[in-house]
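Once you've had a glance at the structure underneath, I'll fire off some questions.
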Amino acid sequence: MDDECVFYRELPKVELHAHLNGSVSFQTMEKLMNRKPHLNIEHSMTAIGKGQRRTLDECFEVFKVIHKLVDTEEDILMVSKDVIREFAEDGVKYLELRSTPREEQRTGLTKTNYIDTIIKAIQQCKSEGLDIDVRLLVAIDRRNGMEVAMETVKLAEEFMLSSDGLVVGIDLSGDPTVGHGKYFLPALERAKNGGLKLSLHLSEVQSQLEESELLLNLPPDRIGHGTFLHPEMGGSQSLVDKVVKNGIPLELCLTSNIKGQTVPMFSLHHFKYWYQLGHPTVICTDDKGVFCTDLSQEYQLVASTFGLSQKEMWKLSQQAIDCIFAEEAVKQQLKKKWQDLHPQVFK
Ligand code: IMP
Ligand code: ZN
């Protein structure tokens, strides 16, 4: 590893946008494939390698394949623990995982077991002494419609109360070209009123102006991607004004946007627009397994693409602490951790 790589790996980081099943590494996939050889699934079907690109549709097909490999409690426990360990090894000190609860009739998996198992994995990693604080967002897949969304929120509410603060919010994700955000408003309003935080995939593809306007009125606590919000990308000043006025941080995932072809090249990524505005942005991975990346690489990519110094990148990682969904005391602990690690990282 060269000095730059070492710096970005040692840099303490916050990861706020990581879909569990999109974050499964090559090594863990290998174990899953060995468990289920009859499925005949190969690595080329579960990951998009260096230099490759896919349409968004193709990306969503990849998730369907991964879901076939991850369909028992045992799989979910292994996948969750491996993903948490890998983030910890990459220097992530605080992680918010998100995942869509699934039921699988074939294996008897229920949505409640699904969430329970991820919580178990988080607790086991904690008791093993890993230096990472992990929380969970329960995800609504827009493809499944408004009734499932409402059920998901109710489930998340129960877990928020019973998980000792581990379940902190709701994510709205899934194929952005399917359904309309307006159908999810009642579920999202209920979640918000009940104390769950909201992170919504917003303006991930073009022509979602009306939906974004509507969802921004909630307002959400964070935005995933927000690629087409600003006027230069076909969005509007009024959308930008709403985001700025409410100080809603953006979770930005460069490699994901390039490989999914919603952004044509790194130098045109909307990170630049929001960073220049001085608006809070958090660098994230989205799906580190599918897109073959990790958070250190994403930080390094932002630095090299936009010419930012190590000092500026440190500031970005530190400011991400203010965007987490866990309580204030956790923010204070993390700020102290960053202070303590500073001399070691800039030795
Ligand atoms: P899971 O929720 O842990 O099963 O993670 C995979 C799921 O995350 C996918 O089926 C999608 O619903 C969602 N997802 C992952 N990446 C993206 C994205 O870039 N946009 C929207 N949804 C996504
Ligand atoms: Zn995402």
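Of all the residues that make up the stretch 27-54, how many are closer than 20 Å to Gly260 by Cα and either in contact with a Gly (Cβ under 7 Å, 6 or more places away or on another chain) or open to solvent by less than 90 Å² (accessible area, probe 1.4 Å) (or both)?
10
Okay, residues lined up against (1) part of a strand (DSSP E or B); (2) within 16 Å of ligand 1 (Cβ to nearest atom); (3) more than 18 Å from Leu16 (Cα to Cα); (4) over 20 Å from the mean Cα position of the chain (by Cα):
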position: Asn113; (1), (2), (3), (4): no, yes, yes, yes
position: Gly165; (1), (2), (3), (4): no, no, no, no
position: Leu172; (1), (2), (3), (4): yes, yes, no, no
position: Val178; (1), (2), (3), (4): no, yes, yes, no
position: Pro186; (1), (2), (3), (4): no, no, yes, yes
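If Ala191 passes every condition in (1) in contact with a strand residue (DSSP E or B) (Cβ under 7 Å, 6 or more places away or on another chain); (2) part of a helix (DSSP H, G or I); (3) more than 30 Å from Gly91 (Cβ to Cβ); (4) within 16 Å of ligand 1 (Cβ to nearest atom) but one, which one does it miss?
Among (1) in contact with a strand residue (DSSP E or B) (Cβ under 7 Å, 6 or more places away or on another chain); (2) part of a helix (DSSP H, G or I); (3) more than 30 Å from Gly91 (Cβ to Cβ); (4) within 16 Å of ligand 1 (Cβ to nearest atom), the lone unmet condition for Ala191 is (4).
From the residues in the stretch 317-347 that are small (Gly, Ala, Ser) and farther than 14 Å from Ile132 by Cα, which one is most open to solvent (accessible area, probe 1.4 Å)?
Narrowing the stretch 317-347 to residues small (Gly, Ala, Ser): 317, 320, 326, 329.
Imposing the further condition that a residue be farther than 14 Å from Ile132 by Cα reduces the set to 317, 320, 329.
Working: Ser317: 0, Ala320: 1, Ala329: 57 Å².
Step by step, filter the stretch 317-347, then rank; the result is Ala329.
Just the residues that are in contact with a His (Cβ under 6 Å, 6 or more places away or on another chain) and closer than 25 Å to Gln297 by Cβ, please, taken from the stretch 228-252.
Answer for the stretch 228-252, where residues must be in contact with a His (Cβ under 6 Å, 6 or more places away or on another chain) and closer than 25 Å to Gln297 by Cβ: just Glu251.
Report yes if Gly195 is on the phi > 0 side of the Ramachandran plot, out of contact with any Pro (no Cβ under 8 Å at 6 or more places or on another chain) and open to solvent by 40 Å² or more (accessible area, probe 1.4 Å), otherwise no. Give the steps one after another, and end with the answer.
Numbers: on the phi > 0 side of the Ramachandran plot: yes; out of contact with any Pro (no Cβ under 8 Å at 6 or more places or on another chain): yes; open to solvent by 40 Å² or more (accessible area, probe 1.4 Å): yes.
Judged against the criteria, Gly195 is a match.
I've got another one for you. Mind checking which strands (runs of 3 or more DSSP E) fall wholly inside the stretch 214-301 and carry at least 3 residues that are of a type in the set (Gly, Ala, Ser), within 15 Å of ligand 1 (Cβ to nearest atom) and open to solvent by 30 Å² or more (accessible area, probe 1.4 Å)? Break it down stepwise before answering.
Working: elements: 222-225, 250-252, 281-283.
Output list is empty.
With respect to the numbered conditions (1) among the β-branched types (Val, Ile, Thr); (2) in contact with a Phe, Trp or Tyr (Cβ under 9 Å, 6 or more places away or on another chain); (3) within 16 Å of ligand 2 (Cβ to nearest atom), which one is the sole condition not fulfilled by Val282?
Failed condition: (2).
Every residue, every condition in (1) of a type outside the set (Lys, Arg); (2) more than 18 Å from Val205 (Cα to Cα), yes or no:
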{"site": "Gly51", "(1), (2)": "yes, yes"}
{"site": "Leu56", "(1), (2)": "yes, no"}
{"site": "Cys59", "(1), (2)": "yes, no"}
{"site": "Phe63", "(1), (2)": "yes, yes"}
{"site": "Thr72", "(1), (2)": "yes, yes"}
{"site": "Ile76", "(1), (2)": "yes, yes"}
{"site": "Val79", "(1), (2)": "yes, yes"}
{"site": "Arg85", "(1), (2)": "no, yes"}
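When only residues in the stretch 55-92 that are outside any helix (DSSP H, G or I) and open to solvent by 30 Å² or more (accessible area, probe 1.4 Å) count, which is farthest from ligand 1 (Cβ to nearest atom)?
First, the residues of the stretch 55-92 that are outside any helix (DSSP H, G or I): 55, 70-72, 90-92.
Now drop any that are not open to solvent by 30 Å² or more (accessible area, probe 1.4 Å), which leaves 55, 72.
Numbers: Thr55: 12, Thr72: 14 Å.
Per the stated criteria, the residue is Thr72.
In the stretch 24-56, which residues are of a type in the set (Ser, Thr, Tyr) and either farther than 30 Å from Lys347 by Cβ or modelled with pLDDT under 95 (or both)? Spell out how you get there, then give the answer.
Start the filter on the stretch 24-56 by keeping residues that are of a type in the set (Ser, Thr, Tyr), which leaves 25, 28, 44, 46, 55.
Selection gives Thr28, Ser44, Thr46, Thr55.
So which residues in the stretch 130-152 are part of a helix (DSSP H, G or I), within 14 Å of ligand 1 (Cβ to nearest atom) and either buried (at least 19 other Cβ atoms within 10 Å of the Cβ) or without any contact (Cβ under 8 Å) to a residue 12 or more places away in the chain (or both), if there are any at all? So that I can check it myself, show each step before the final result.
Within the stretch 130-152, the first condition is being part of a helix (DSSP H, G or I), and the residues that meet it are 142-152.
Next, from what is left, pick out any that are within 14 Å of ligand 1 (Cβ to nearest atom): 142-145, 148-149, 152.
Of everything in the stretch 130-152, those that are part of a helix (DSSP H, G or I), within 14 Å of ligand 1 (Cβ to nearest atom) and either buried (at least 19 other Cβ atoms within 10 Å of the Cβ) or without any contact (Cβ under 8 Å) to a residue 12 or more places away in the chain (or both) turn out to be Arg142, Val148, Ala149, Thr152.
Could I ask something else about it? Select from the stretch 198-213 the residues that are closer than 21 Å to Lys272 by Cα, away from ligand 1 (no atom under 14 Å from the Cβ) and buried (at least 18 other Cβ atoms within 10 Å of the Cβ) and list them in ascending order.
Across the stretch 198-213, the qualifying residue is only Ser212.
What are the residues in the stretch 1-26 that are assigned to a loop (DSSP other than H, G, I, E, B) and open to solvent by less than 20 Å² (accessible area, probe 1.4 Å), if any?
Step one: of the stretch 1-26, the residues assigned to a loop (DSSP other than H, G, I, E, B) are 1-2, 11-12, 23-25.
The answer is Leu11, Pro12, Ser23, Val24, Ser25.
Looking only at the stretch 153-163, which residues are open to solvent by less than 20 Å² (accessible area, probe 1.4 Å) and either β-branched (Val, Ile, Thr) or more than 16 Å from ligand 1 (Cβ to nearest atom) (or both)? Full working, then the answer.
Applying the first criterion (open to solvent by less than 20 Å² (accessible area, probe 1.4 Å)) to the stretch 153-163 yields 153, 156, 159, 163.
Of everything in the stretch 153-163, those that are open to solvent by less than 20 Å² (accessible area, probe 1.4 Å) and either β-branched (Val, Ile, Thr) or more than 16 Å from ligand 1 (Cβ to nearest atom) (or both) turn out to be Val153, Ser163.
If Lys31 passes every condition in (1) within 22 Å of Thr255 (Cβ to Cβ); (2) of a type outside the set (A, V, I, L, M, F, W, C); (3) not in a loop (DSSP other than H, G, I, E, B) but one, which one does it miss?
Of (1) within 22 Å of Thr255 (Cβ to Cβ); (2) of a type outside the set (A, V, I, L, M, F, W, C); (3) not in a loop (DSSP other than H, G, I, E, B), only one is false for Lys31: (1).
Got a number for residues in the stretch 57-72 being of a type in the set (Val, Ile, Thr) and free of Cβ contacts under 8 Å to residues at least 40 places away in the same chain?
So the first thing to find is which residues in the stretch 57-72 are of a type in the set (Val, Ile, Thr), and the list is 62, 65-66, 70, 72.
Retained after the next criterion (residues that are free of Cβ contacts under 8 Å to residues at least 40 places away in the same chain): 65, 72.
Adding up the residues that qualify gives 2.
The values are calculated or read from the model by the stated rules, or taken from the named source; none is laboratory data. Treat the numbers as computed from the prediction; the structure is a model and nothing was measured. Note that we place each Cβ from the backbone using ideal geometry, even for glycine, and neighbour counts take in every protein chain shown. Remember, those area values only see protein heavy atoms, side chains included, never the ligands or the DNA or RNA. Shrake-Rupley method; radii C 1.70, N 1.55, O 1.52, S 1.80 Å.
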